[in-house]
Amino acid sequence: MSIWTRITEALAALTSGEGLSSVFEKLRTRPDRSVAFAIAVIALGAKMAKADGQVTRDEVTAFREVFHIAAADEAGAARVFNLARQDVAGFEEYAARIQSMFAGDPHTLGDLMEGLFHIAMADGFYHPNEDAFLERVAEIFEVGAPEFKALRARFVPDAETDPYTVLGVTPEMAADDIRAAWRKLVRENHPDAMVARGVPEEAVQLAVKRLVDINRAWEDIQSGAA
């Protein structure tokens, strides 16, 4: 059974008049982590798309890059997106319910933030409203300021690209400590680790870019380019 079939089943459980936000509560009590992850990214992505005032073809394409959506599954993905756009619940309520769903699992919440950054940058422009949206979601997810800054440094071209920021370290730290931080990030962001914590296989490709960024930052520090 594909993830999109399971998502369709989750949506079918909604009673008449219930908004998409109700799905998060149902998934929290009956966890299906990959389904929860996919719905969370699409739902918050839909809310974020309203932040800059429009939904572009690039943003729709970005969803396809985060999740391999077969033609037969497009209707299910579109229904999640449209339910989120039409739901009267605000994005902060969505984020709070999602945070509750993945409470105690900061890595998965970080994976969610990464998917949202990918979608935000799909049109090549990081809108100030998107920045405010993502910063607020990060606060609700309890993603620390250094982690948020590292994400922004990796995704936003005109953001600070200091490799120390990407690794979450500082130049004053001992070389062994910086190496240990790099190795920890590599372990935590291996695709197998993402699958183990419930990130759907459709979205694991995000880890490939992340590891490239992490290793490039380490190489820059080693070479003295930082």
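The values are calculated or read from the model by the stated rules, or taken from the named source; none is laboratory data. Keep in mind that this is a model prediction, so the values were computed, not measured. These area figures cover heavy atoms from the full protein model, side chains too; ligands, DNA and RNA do not enter into them. Shrake-Rupley method; radii C 1.70, N 1.55, O 1.52, S 1.80 Å.
Of the heavy-atom accessible surface of the range 76-128 (probe 1.4 angstrom), what whole percent is carbon and sulfur?
That fraction is 55 percent.
Determine the per residue accessible area of the range 101-204 with all protein chains present and a 1.4 angstrom probe, expressed in square angstrom.
Per residue, the range 101-204 has an accessible area of 47 Å².
Taking the alpha-carbon distance from LYS184 and a cut-off under 23 Å, which lysines remain once sequence neighbours fewer than 8 residues away in the same chain are dropped?
Result set, ordered by chain and number: LYS149, LYS209.
Show HIS190, HIS127 ordered by accessible area, largest first, where the area counts protein heavy atoms only and the probe is 1.4 Å.
Descending accessible area places them as HIS190, HIS127.
In terms of solvent-accessible area of protein heavy atoms at a 1.4 angstrom probe, what is the ranking of TRP218, TRP182, highest value first?
TRP182, TRP218
Using only the Cα atoms of the range 100-176, build the gyration tensor, take square roots of its eigenvalues as a ≥ b ≥ c, and label the shape rounded, prolate or oblate: rounded if a/c is under 1.5, else prolate if a/b is larger than b/c, else oblate.
Oblate is the answer for the range 100-176, as a/c is 1.5 or above yet b/c matches or exceeds a/b.
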